[in-house]
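Asks: Next up is a structure, given as structure tokens.
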Amino acid sequence: MRKKAKEAAPLLDEQGRKPLKLDYPQTIKVGFAFAIIMLFWTAYDFVVPLLLEHAYGLPNSLRGLIMGLDNLLSLFMLPLFGRLSDNAHGKLAKKFGKRTPFIVIGTLASVILMVFVPVATLNQQKNANDYIAKFESSLSEVVTDENGNEMTNLESLLTNWYDSGNKNYCDKSFLEMNHISKDYYVSLSFDGNFSSQKAVLNMLGNETYYYVIDGEKVQVNLEDTAPTGETYQTIKNKNADYKKYVESGMNNYKSDLIYENVTKVSGGASIGIYMVILLLVLVAMATFRSPAVALMPDVTPKPLRSQGNAMINLCGGVGGAIAFLIYTVVLFGNSINNYVIIFSCVGAGMLLLLAGFLALVKERKMVDKCQEICKEYGIDDFADDENAAETQNALADESAEFAVEDGPAVDAIMTDTSGNFVADMPETPDSAEELSPDTLEFAREVVKNNKTKRKSPKEWWAEKTPEDKAKLRSFWLILASIFMWFMGYNAISSNLSVYTTKALNLSAGIASIISGVSMGISAIAFIPVGYMAAKIGRRKSIIIGFAMAVVSFVLIFAFVKPDNNAMIPAVLFALFYLISGFGLIIANVNTFPMVTELSTSKTLGQYTGYYYMATMSAQAITPFIAGLVMDYISNTALFMYSAICVVIAIVLMIFVKHGDSVIIGKGRKLTKEEKKQIRLDSLDAD
């Protein structure tokens, strides 16, 4: 009993204090804000491409341009609203805290606006559906070609596709690989009166066949002759081959018809209203992302922020899971109101999370508590900024009593050229009253030198040591590699829902399940990836992750094709895409730590900004470029484009020489503390 009691007693430090531990319940409460963000973006990234496709039939390039808007806005708006929340001192900030008003107002504005995104497209969707219904009914009509031969509109269309060589309509290499002649391809059609059903959930057991005769669904035998004069077996075979060889091309053709004959003709006003509302939603979401992310560091002492960020990411994952469940369930339905239902449910989920946030999070109390903990443990999280501000204000007041010739320099006393406190000057007095005229004069001289003796880039580079130069080269190579990685991976993630539904003939519900399950399973790699980096290093781990993505994309390009049995491409795509999911985890866990490894305490924020500039700029432009590839080459060429981008990322990473982690020696096992830190670093990955 004594032994157990001794073990249960908390360890105390030299000052008799308990060990500093993360307040997990508080961090989870704060994480509600990040869950709101991820709930929206998870739904947005999967659903909006489908909405644009069904309502407007936009070319892939234009759809990609729209999908890159959010990242383009983020480059400018996230720093802006992060800074605005940093400097918030109004009535709301004094009452609720600096971040909470941004989170509340931004969420409410987003929810109110987002419901109008699908509503603005309802009439356009109806027009598109009506046009496609008329087109489909016309395919069976008989026409006469220029040689006097009679054929259906569908046969004429398939002949033109085959002769034109447009891969998005007719993939000749796929036909040749399966020994499909032009004559047989042109003869293919789909008889909607024929259907079949398996015994168990239409997946297992004996298959029963039906045909609509005189308006009634009648069970039939495959050997019998249908009213069309063909056997039911022939109709079944043609239906299967139509789905395998024609339907994906027909999907692309229908999109082009909607764009050319509906959107261009009468959809200008609709798409204009849609874009205005979408832009307002994106702006509203951008207003509170930085404040929501900054709230965790505000209420968490610096040594615990890695653990805090791990918990915040888990909360974000919960928000993403809620979005996945919402759009997966709704997309199994076939209604023009699907997108309204999805956005309404997502908005309701955001409001519920916001209500939980407001009920549980008292920002000012949490910040005060954090500052008390920091003072108790001697953690200088807040004192630096406060002392610097007090000193600069006091210097400004005292400098007014002196007549100086270098006017502008007076306003910048004790600051560098960026307006930051100069830390390497003589020790800062505890109060402004202790500042002497000699100190002020020294400060003026430093500021004057800083302002008048600016170094050219060439001089700045010449002063660097060989080691510093090597580290800088590695830093820029890492950023370039990260840029190309996001160019490749985001090209697929931003087009995933459209590719799986149009090119593979999968339903939107099945496509969402594939995406969600793939990423869910690959998430188990977070912890093992951290151990792998400790054993072989971050750089090698990243190269392995990139290589897995390349293998995944090449396999999908080469082997995943549409089929009459939708389960075949669905299973193949899910398996191959899972490989890239593991690659994504490996890359994301290790790339950002390589950047921070090369930074110092003074440049950490700057290097973090460069990292996000590389990732967001890639995600802003690659959907558009990938769309051009899909429009002018083929849908499947998307994966070769992505593979090429990631291969370039691998080549760049090979030349990186600095920023790696310290590798655990052979034979030495990881200590409990090292394992704990690896787990935290893995979950802390962006």
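Asks: Across the Cα atoms of the stretch 244-380, what radius of gyration and what greatest pairwise Cα-Cα distance (Dmax) are found, in Å?
Replies: Both quantities, over Cα of the stretch 244-380: 22.6, 71 Å.
Asks: Let me ask something additional. What's the local net charge at Y184, with K and R +1, D and E -1, over the other residues with C-beta under 14 Å away?
Replies: Charge balance in the 14 Å sphere: 0.
Asks: If you place +1 on the Cβ of every Lys and Arg, -1 on the Cβ of every Asp and Glu, and leave all else neutral, what size is the dipole of the stretch 526-603 about its Cα centre, to the nearest 20 Debye?
Replies: Its charge dipole is roughly 320 debye.
Asks: Provide the net charge surrounding A566, with neighbours chosen by a C-beta distance below 14 Å and charges set as Lys +1, Arg +1, Asp -1, Glu -1.
Replies: Here the count lands on +3.
Asks: So how many Lys-Lys pairs in the stretch 119-235 land under 18 Å Cα to Cα, not counting same-chain pairs under 8 apart?
Replies: 4
Asks: Which is farthest toward the positive dipole end of the stretch 199-323 among T231, Y259, T300, measuring Cα position about the Cα centre, with Cβ charges +1 (Lys, Arg) and -1 (Asp, Glu)?
Replies: So the residue furthest toward the plus end is T300.
Asks: While we're here: So how do 299-305, 160-166, 639-645, 310-316 stack up, highest first, on mean other-Cβ count within 10 Å?
Replies: Sorting 299-305, 160-166, 639-645, 310-316 by mean packing, highest first, produces 639-645, 310-316, 299-305, 160-166.
Asks: Please say if the stretch 116-266 is rounded, prolate or oblate, where rounded means a/c under 1.5 for a ≥ b ≥ c the square roots of the C-alpha gyration tensor eigenvalues, and otherwise the choice is prolate for a/b larger than b/c and oblate otherwise?
Replies: oblate
Asks: On to the next question. In whole angstrom, note down how far apart the Cα centers of the stretch 42-64 and the stretch 112-168 are.
Replies: 19
Asks: Over the stretch 462-613, what is the relative contact order in whole percent, taking alpha-carbon pairs under 8 Å and six or more residues apart?
Replies: 29
Asks: Using per-residue counts of other Cβ atoms within 10 Å, averaged over each peptide, order 224-230, 249-255, 124-130 from highest down.
Replies: Answer by packing, highest mean first, reads 249-255, 124-130, 224-230.
Asks: Ordered by packing density, taken as the mean number of other Cβ atoms within 10 Å over each peptide's residues, highest first, how do 76-84, 277-285, 650-658 rank?
Replies: Going by the mean number of other Cβ atoms within 10 Å, highest first, we get 277-285, 650-658, 76-84.
Each value in this text was obtained by applying a stated rule to the coordinates, not by laboratory testing. Note that the structure is a prediction, hence the values are computed from the model and not measured. Methodologically, a virtual Cβ is constructed for each residue, glycine included, from the backbone with ideal geometry; neighbour enumeration extends over all protein chains shown.
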